[in-house]
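Take a look at the structure set out below.
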Amino acid sequence: MYYDNGAVEHEFYFNEKGKQDGKQLNFYENGNIAIIGHYTDGKCDSSGEYFEGGNIMGISYYNKNYKYDSCKGFYENGKIE
């Protein structure tokens, strides 16, 4: 999918079963990464969220698509919460 300005909004990959697999990306309209998710056979393993300016917002880990440990959260200035 694309924004009206032509910038990529989502970049998803699927396996032969049609399930999300590998790195999945969501972008802000300015082109910076909003979310990086890592999937295995349709289940999210981990994700990282970013502020629009590019700094990391948080990292989460999952067990069969259920969040079990929000590893770290960050302020927009990059400091750990």
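The values are calculated or read from the model by the stated rules, or taken from the named source; none is laboratory data. Everything numeric here is computed off the predicted structure, so don't read it as measured data. Every residue, glycine among them, receives a Cβ derived from its backbone with ideal geometry; neighbour counts consider all protein chains shown.
Select from segment 43-81 the residues that are part of a strand (DSSP E or B), among the charged types (D, E, K, R) and within 14 Å of the chain's Cα centre (by Cα) and write down the one among them that is modelled with the lowest pLDDT. First the steps, then the outcome.
Quick first cut of segment 43-81, residues part of a strand (DSSP E or B) only: 43-50, 56-63, 66-74, 80.
Next, from what is left, pick out any that are among the charged types (D, E, K, R): 43, 45, 49, 67, 69, 72.
Adding the requirement that they be within 14 Å of the chain's Cα centre (by Cα) leaves 43, 45, 49, 67.
Details: 43: 90, 45: 89, 49: 95, 67: 69.
In this case the residue turns out to be 67.
Being within 17 Å of residue 59 (Cα to Cα), assigned to a strand (DSSP E or B) and of a type in the set (S, T, N, Q) is the filter here, so list the residues in segment 5-39 that pass it.
Step one: of segment 5-39, the residues within 17 Å of residue 59 (Cα to Cα) are 22-27, 32-39.
Those left that are additionally assigned to a strand (DSSP E or B): 22-27, 33-39.
Those that are within 17 Å of residue 59 (Cα to Cα), assigned to a strand (DSSP E or B) and of a type in the set (S, T, N, Q): 24, 26.
Kindly indicate the residue of segment 12-34 that is within 10 Å of the chain's Cα centre (by Cα) and surrounded by fewer than 16 Cβ atoms within 10 Å (Cβ to Cβ) and also nearest to residue 79 (Cα to Cα) among those meeting that condition. Give the derivation first.
As a first pass, look at segment 12-34 and keep what is within 10 Å of the chain's Cα centre (by Cα): 23-27, 33-34.
After this cut, where a residue has to be surrounded by fewer than 16 Cβ atoms within 10 Å (Cβ to Cβ) as well, the list is 23, 25.
On the way: 23: 26, 25: 24 Å.
Step by step, filter segment 12-34, then rank; the result is 25.
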